[in-house]
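Heads up, the thing below is written out as structure tokens.
The values are calculated or read from the model by the stated rules, or taken from the named source; none is laboratory data. Computed from a prediction, not measured in an experiment: that's the story for all the values here. So basically every Cβ, Gly included, is an ideal-geometry build from the backbone, and we count neighbours across all protein chains shown.
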Amino acid sequence: MHAVAAVQFQPNWVEILASPFMRTAFIAGVLVAVASGLIGYFVIVRGSMFASHALAHIGFPGATGAALVGTSVFAGLVAFTVVGAVAIGLLGKRANDSEIATGTVLAFATALGVMFASLASEDTSP
């Protein structure tokens, strides 16, 4: 019988956890957790759960589009997320329209992302 994955015990966990990389990662994780807790409170109170979830996905076409044209993936992600947030805000002025605006912008952004990814992965060989 063959093992699917080779799993071994790591004997030096204390050394690994004491490394500068792990300390930095732990501090970053704590800061993100605190910020998420504070921001999450206001997301729940304002009833913006769908919009905040959608904005994470709206960054996808920005990242794929930036990769397609050869620019910074992070810059593309941020640009599309900001444009998506503005579009949701402008289209969903009233509380009744905000969910519809969010869904519409999310569907459009997802379609753009799939199109950009498809264009980036096309075979250009003769």
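Name the pairs: first residue in region 81-106 and more than 13 Å from Gly59 (Cα to Cα), second residue assigned to a loop (DSSP other than H, G, I, E, B) and modelled with pLDDT under 85, Cβ to Cβ under 6 Å, at least 6 apart or on different chains?
Partner pairs satisfying both residue conditions: Ser98/Gly92; Ala101/Gly92.
Counting only residues that are in contact with a helix residue (DSSP H, G or I) (Cβ under 9 Å, 6 or more places away or on another chain), in the same structural domain as Gly113 (by TED's automatic domain parsing) and closer than 30 Å to Ser118 by Cα, give me the helices (runs of 4 or more DSSP H) lying completely in region 1-84 with at least 3 of them.
Values: elements: 13-17, 20-46, 49-69.
The helices (runs of 4 or more DSSP H) meeting that bar are 49-69.
For region 108-118, what are the residues that are surrounded by fewer than 12 Cβ atoms within 10 Å (Cβ to Cβ) and aliphatic (A, V, I, L, M)? Explain how you work it out, then say what you get.
Let us first name the residues in region 108-118 that are surrounded by fewer than 12 Cβ atoms within 10 Å (Cβ to Cβ), namely 111, 118.
Listed by number, the list holds a single entry, Ala111.
Only residues that are touching a Ser or Thr at 6+ places or on another chain (Cβ under 6 Å) and modelled with pLDDT of 85 or more: list them for region 80-126, please. So that I can check it myself, show each step before the final result.
Here is the first cut: in region 80-126, the residues touching a Ser or Thr at 6+ places or on another chain (Cβ under 6 Å) are 88, 92, 113, 116-117.
Once the filter is applied, which keeps residues that are touching a Ser or Thr at 6+ places or on another chain (Cβ under 6 Å) and modelled with pLDDT of 85 or more, region 80-126 yields Ile88, Gly113, Phe116, Ala117.
Looking only at residues in region 1-30 that are among the β-branched types (Val, Ile, Thr) and exposed (fewer than 10 other Cβ atoms within 10 Å of the Cβ), which one is modelled with the highest pLDDT?
As a first pass, look at region 1-30 and keep what is among the β-branched types (Val, Ile, Thr): 4, 7, 14, 16, 24, 27, 30.
Restricting the remaining residues to those that are exposed (fewer than 10 other Cβ atoms within 10 Å of the Cβ) gives 4, 7, 14.
Details: Val4: 65, Val7: 68, Val14: 80.
That would be Val14.
Could you list all residues from region 64-97 that are of a type in the set (S, T, N, Q) and surrounded by 15 or more Cβ atoms within 10 Å (Cβ to Cβ)?
In the first step, residues of region 64-97 are kept if they are of a type in the set (S, T, N, Q); the result is 64, 71-72, 81, 96.
Of everything in region 64-97, those that are of a type in the set (S, T, N, Q) and surrounded by 15 or more Cβ atoms within 10 Å (Cβ to Cβ) turn out to be Thr64, Thr81.
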